[in-house]
Amino acid sequence: MNEYGSYIDHNEVPEKMGSVKRFFFACAGAYLRILEVCPSEHTKYVGIGATIFLTACLAVISGTFAIHTLVESVFLSVMFGLLWGALIFNLDRYIISSIRKEGKFWHEFGLAFPRLILAVLISVVITKPIEVELFRNQINSALLSYTTQLEKDAEYQLDTRLGIDSIVHELAYVDSARREFKKQKSGRPNSYDFDEVSTEYSRAKNVYDSLLKVYTPRIKANEARRNYLWGQYAKPIYETLQSGEKRLVKWDFPQKWQDRSNQLYRINKKLNQELTDRLETVQELESERQGAREEFAQGMEEELRLLDIRRAELVAMKTEKDSIRRLELPLALETAKKYSVGFPARIQVLEQMKEADSSIWWMSNLIVLLFILLETSPVFVKLITKRGPYDYLLSRIEHHKKVESLRHISDMNYDLNAFIRLQSRKNGHGPSSNGNGTTHEEIYVDKPPKKRMD
C-alpha cells in the first residue's frame, strides 16, 4: 500500500479480500490495491473476472474437442486445449483491461468497438468445436454418406485425370454405331437418322398426318352438306314431247343454295390440294431418305472395318488405363477417407445438416449467439456501468505517473543544459560563445527547461 498511499484518502480502510475474489480480480485485469479501498466495485469486477475465466474454461473444452478429432492422444488434446484456453484468456483479459472509463459513452464505445469485433470472432471460433461435439451423433450418421460422396468424387476425378471417361464415352458411341450398321446390313429397322434428311422427313410426315387427321372429317362433312342441299332444294324440270313422253331439261337449283354448294366445293378443293402438296413433299423426302440409306449401305463394310479397328484401340487403351487406375485408386480412396474424418469434414457435414434441417440451424445459431453474449458481456458491462471509484483512482494514478515522468524529463533537460553552460565557462569561452567565436546555443532534449518542481 505504500506505493498507492499518496493517492488514497487516509480515512478509507482497505477491505480484506479472499483468495477467490483476488483470483477473479486478476482475471479481470484490475489493480488489487485500488479495489481494496473500493468495496462498491467488487461485485462488478468479480462478475467480469468470472465471465472471462468461464470463457477460458469453455475455450479449453473447445480446443480439446477440436484437436481430439485429429489425434487420438488424450494428453496432446488436453495440452492443446489448455494452450488454447490460455490464449483466449489472455486476449479477453487484455480486451477488458484496456478499456478505460472516462464518462463519455460514445467515445468509449468507439474505442471498444474493435474489441467487440475481436470478442465476437473469439466466440465464433470457440463455439465451432463445441457445436461439433453437441451434434456428434448426428454428424457421425451423416459422415457415412459424406465419406461415400467423397470416395465417388475421388473416383470421378481419377477417371477424368486418366481419361477413362472419354474412352468409355467414345467406346459406347462406337458400339452403338456398329449395332446400327449391322441392323442396316441385315435389313432390320434401325435408329440411324441419316442426318438432316430423316429429320425433315419426320417433321413433314408428322405435319401431313396431323393435317390428314383434321381435314378428312371436314371434307366429308362438306361433301355431305352439298349432297343434302342438292337433294333438298334442287328440282328437275321436264319437257313434254309430241309423243307425250317427258324429257329432263334441267335442274332448278336456287342461286342461294347453289352459291353455298359452290363455296363448300371450293373449300374441299383447297383442303384436298394442301393434302396433295404435303403428300408430295413427304414422298420426295422419303425418296431422298431412301437414297441416303442406299448410299450409307454402300460404304457400310468399310465403316464397320474402321469401327472394329477403333474399338480394338479403345479397348487396349481402356485396359491400360484400368491397370493404372487399380494402382492409384486405393491411395485416392484413402485420401478421401482422411478428409472425411477430420475436424473440417465434421464442420462441413454440420453446415450441410443446418441447410437440410431448420431445427439444427436454429439450435446451432442459438449456441453461437449464447457464446457471443458470454464473450461480449464483460465489454458491455464496462461500457454501460457508470464511472466508479476504481476508475477515478486509476485515472488519478495514471495521470500522476504521467506528470512525474514529464517532470523527470524536464529535470534531466535542465541539468544537461546547466552542465553544458558550466563546461563552457570552465573552458574560458563564456556562456554564449565557443572556441571558434560562434554563438553557443543551449541544448534542449524533448522540451526547453522549465522551472524546477520541488
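Quick check on this structure: which one of I99, I95 is β-branched (V, I, T) and buried (at least 21 other Cβ atoms within 10 Å of the Cβ)?
After applying the criteria, what remains is I95.
Of the residues making up the range 173-190, those that are modelled with pLDDT of 75 or more and of a type outside the set (S, T, N, Q) are Y173, V174, D175, A177, R178, R179. In the set (1) at pLDDT 80 or above; (2) loosely packed, with under 14 Cβ neighbours inside 10 Å, the condition left unmet by E170 is number (2).
Listed conditions (1) among the aliphatic types (A, V, I, L, M); (2) open to solvent by 30 Å² or more (accessible area, probe 1.4 Å); (3) farther than 30 Å from P344 by Cα are all met by A177, apart from (2).
For beta carbons closer than 7 Å, sequence separation of 6+ or different chains, a first residue in the range 351-369 that is open to solvent by 100 Å² or more (accessible area, probe 1.4 Å) and a second that is assigned to a helix (DSSP H, G or I) and at pLDDT 80 or above, the qualifying pairs are W361/K354.
The number of residues in the range 191-244 that are modelled with pLDDT under 85, closer than 30 Å to K256 by Cα and aliphatic (A, V, I, L, M) comes to 3. Considering (1) surrounded by 14 or more Cβ atoms within 10 Å (Cβ to Cβ); (2) at pLDDT below 75; (3) under 26 Å from I164 (Cβ atoms), the lone condition that T335 does not fulfil carries the number (1).
Every condition in (1) farther than 29 Å from I117 by Cβ; (2) of a type in the set (A, V, I, L, M); (3) crowded, with 16+ Cβ neighbours inside 10 Å is met by I309 except one, and the failing one is (3).
For the range 31-57, the set of residues classified as in a helix (DSSP H, G or I), open to solvent by 50 Å² or more (accessible area, probe 1.4 Å), touching a residue at least 40 places away in the same chain (Cβ under 8 Å) and of a type outside the set (G, A, S) consists of L54 only.
The values are calculated or read from the model by the stated rules, or taken from the named source; none is laboratory data. All values derive from a computational prediction rather than experimental measurement. Counting neighbours? That spans all protein chains shown, and the Cβs are built from the backbone with ideal geometry, glycine included. The protein model used for the area step is the full one, side chains on, heavy atoms only, and it has no ligands, DNA or RNA in it. Shrake-Rupley method; radii C 1.70, N 1.55, O 1.52, S 1.80 Å.
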